[in-house]
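Read through the structure below, which is laid out as structure tokens, and then see the notes.
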Amino acid sequence: MTVAVVGGGVAGMVAAWELARTSERDVVIFEASDRLGGALAPLRFGSVTLDAGAEAFATRGPEVRDFVEQLGLESLLTDPHPVGAWLQLPHTAGPLPLAGILGIPADPEAEDVRALIGDAAAERAAQDLHAPMRWTAQDRPSVGAVVRDRMGDALADTLVAPITAGVYSAGPDALDLRTVAPGLFETMLTEGSLARAVGAQKGRQEAAAKAGSAVQSLRGGLWGLVDVLERQLLAAGVRIERGRRIEDLAEISDCEDIVIALDAPEASDLLSRALSFPPLPSAFGGLGTTIPRSSGSGLPPWLIDDATRGVALVTLLLNAPQLDARPRGTGMLVSPKAEGITAKAMTHISAKWGWAKEELDAQLGAGHHAVRLSYGRIEDPHGPGRGSSDEELIALARRDVVTLFGQDLVGGPISGEQILDARVARWQRALPGTSAVQAARLREVQAALRRSGRMSGTGRPRLHLAGTWFAGTGLARVVPHARRVATDIARISST
Ligand SMILES: Cc1cc2nc3c(=O)[nH]c(=O)nc-3n(C[C@H](O)[C@H](O)[C@H](O)COP(=O)(O)OP(=O)(O)OC[C@H]3O[C@@H](n4cnc5c(N)ncnc54)[C@H](O)[C@@H]3O)c2cc1C
């Protein structure tokens, strides 16, 4: 009665943890690399350890926080500095407007919105409050299509594009609205306005979340969650096989249930080999760059795959006391139109997280800072990103950090000598596909699995999907989803 979990990222680990807690089943995790955690990983600068991947979780629902508390880590929970992030536009930079979803404001005429986009664009955006609604429940538009229609191009390009690039590595026109902001489209249809829908959703999220900031993390870095989870998994008797890449589900077909906690291209390859999926309708031709992956598998190849989904992060260590005052808040999102800057976002880690600043000061002395710049945009697959050399990325980051903090920095601009060290981290498929095409493909994979009767029927092994491609981006989606998958398995096996 073994449950196999394929993939030891946070989704696989959480599913295994929940199964060990709520069922009598034997659980084994197969992880391809030599390290558990996937996109939750440490980044070491000598004696200082920061996050190499995910650094915080959204608190719009209580689920991740509750999970952290159940792990016994409540005392490590920490809020970011409340100063907030900035937005770098082509000709100006300023604090990011507060009340929004994906940069879409609840009040298009608010002072902080006007300050960034100007009066004319704010007035155009405010037309949303009265304009007739032409979208219907049958539509499946991109974020960009809806924002441009309701609030105008200026707002879409100025406020929304930098945020979607920072979070999803993609512009608003490449993102399926229903995928990245569940419920927002439907609320807009009911409210008759995008701004009112944002206001209503923000209100609901704030009511659902415990009081406090929009994200939280753990002192010492979010990667610490992985060590604690691993210890608890081992204590609960979960077997962990590292360095074991599952190429074919036949390798583990003696298990009663298999949780596939992988990216969707990899998951659909495994499923195609395991089940005789009928060829899926090839409705995707001509919609983008096709990089063949699954030829002969019965599933069409993924669009926008390896070359473009990846991001590269460059973390710089600086001795720069002029950054003590948090001159750009907790960091910056960068407009794709900002000339002379290649990074799409910069996190000022030591301004955002008090524990990181304390650690840097304690280990290296006062005035030390860490910033993290991210590279890679879907629209620009040949631009710098995951495929670039370390040297190229570090050179870009050294230049971008000076530009982003500006020449008029109190205490003087950052000089090259103040940048002490750099580390590059690359991530390939830890961010799921979020275009309408990929959303459709994901639904097809799930539907094909349902049709096969292998989710809860009599066929063995039963197959289950978890992880960010199926749950949505970020721990706030991945963690509760993985727990639900595990609870369902426990329930099925007890009936
Ligand atoms: C740079 C970056 C920053 C992020 N920042 C945040 C953030 O601040 N907040 C937030 O909430 N989210 C953030 N995210 C997203 C979040 O990290 C992911 O949603 C989440 O970690 C995904 O977990 P997962 O288990 O689904 O996938 P992964 O972490 O990708 O884990 C999948 C695992 O499966 C293994 N694997 C792959 N193929 C096989 C195989 N065939 N057999 C066995 N094992 C296999 C891989 O080695 C990997 O360990 C960030 C992501 C990235 C990349």
**Request:** Please list, or write none, the aspartates and glutamates whose alpha carbon is within less than 18 Å of the alpha carbon of Lys337, excluding same-chain residues fewer than 8 places away.
**Result:** Asp153, Asp157, Asp173, Glu379, Asp380, Asp400
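In nm, what is the difference between 0.36 nm times the number of residues separating Leu73 and Leu234 and their Cα-Cα distance?
Numbers: separation 161, 0.36 × 161 = 57.96 nm, distance 1.74 nm.
Length gained between Leu73 and Leu234: 56.2 nm.
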**Message:** Amide H of Gly433 versus every other amide H placed in the peptide plane: which residues, excluding those fewer than 5 positions away on the same chain, fall under 5 Å?
**Reply:** none
**Message:** Need the list of aspartates and glutamates near Lys352 for cross-linking: C-alpha distance under 16 angstrom, and skip anything on the same chain fewer than eight residues off.
**Reply:** Asp51, Glu55, Asp79, Asp324, Asp361
**Request:** Mind jotting down the distance between the C-alpha centroids of segment 442-456 and segment 472-495, whole Å?
**Result:** 16
**Prompt:** Which order do peptides 71-78, 459-466 fall in by mean Cβ count within 10 Å, highest first?
**Reply:** 459-466, 71-78
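What is the packing order of peptides 469-477, 320-328, taking the mean over residues of other C-beta atoms within 10 Å and listing the highest first? Intermediate results must be reported in sequence, preceding the final value.
Details: 469-477: 21.7, 320-328: 18.3.
So the peptides 469-477, 320-328, ranked by packing, come out 469-477, 320-328.
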**Prompt:** In nm, to one decimal, how far is the modelled label at Glu256 from the one at Glu392, with both set 7 Å along Cα→Cβ?
**Reply:** 5.1
**Sorted peptide list for 232-239, 422-429, 192-199, criterion being average Cβ within 10 angstrom, highest first** = 192-199, 422-429, 232-239
**Prompt:** What would the Debye formula give as log10 I(q)/I(0) at q = 0.13 Å⁻¹ for the alpha-carbon point model of the chain, no solvent?
**Reply:** -1.35
**Fill in**
For the chain, the helices passing both cut-offs (Cα extent along own axis of 20 Å or more, Kyte-Doolittle mean at least -1.0, full DSSP H runs) are 194-208, 390-405, 436-451, 475-494
**Asked** Which trypsin sites (Lys or Arg not before Pro) from segment 75-181 combine a DSSP loop assignment with at most 16 other Cβ atoms within 10 Å?
**Response** Arg134
**Message:** How large is the Rg to Rh ratio of segment 311-427 when both quantities use alpha carbon positions and Rh follows Kirkwood?
**Reply:** 0.96
**Request:** May I ask for the distance between the Cα centers of segment 361-430 and segment 82-102, given as a whole number of Å?
**Result:** 19
**Request:** Would you please give the residues with an amide H less than 5 Å from that of Leu465, counting only those at least 5 places away or on a separate chain, with H modeled from the backbone geometry?
**Result:** Ile260
**Request:** Using just the helices of the chain, give the 222 nm mean residue ellipticity in deg cm²/dmol: DSSP H runs with n ≥ 4 each add -39,500 (n - 2.57), and the total is spread over all residues, rounded to 500.
**Result:** -10500 deg cm²/dmol
**Prompt:** What spacing in nm lies between the two simple spin-label points modelled at Ser415 and Gln363, each 7 Å away from Cα in the Cβ direction?
**Reply:** 2.6
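Bear in mind these aren't lab numbers, they're just calculated from the coordinates by the rules spelled out. These numbers were taken from a predicted model, which means no experiment stands behind them. Every residue, glycine as well, gets a Cβ built from its backbone with ideal geometry; the counts of neighbours run over all protein chains shown.
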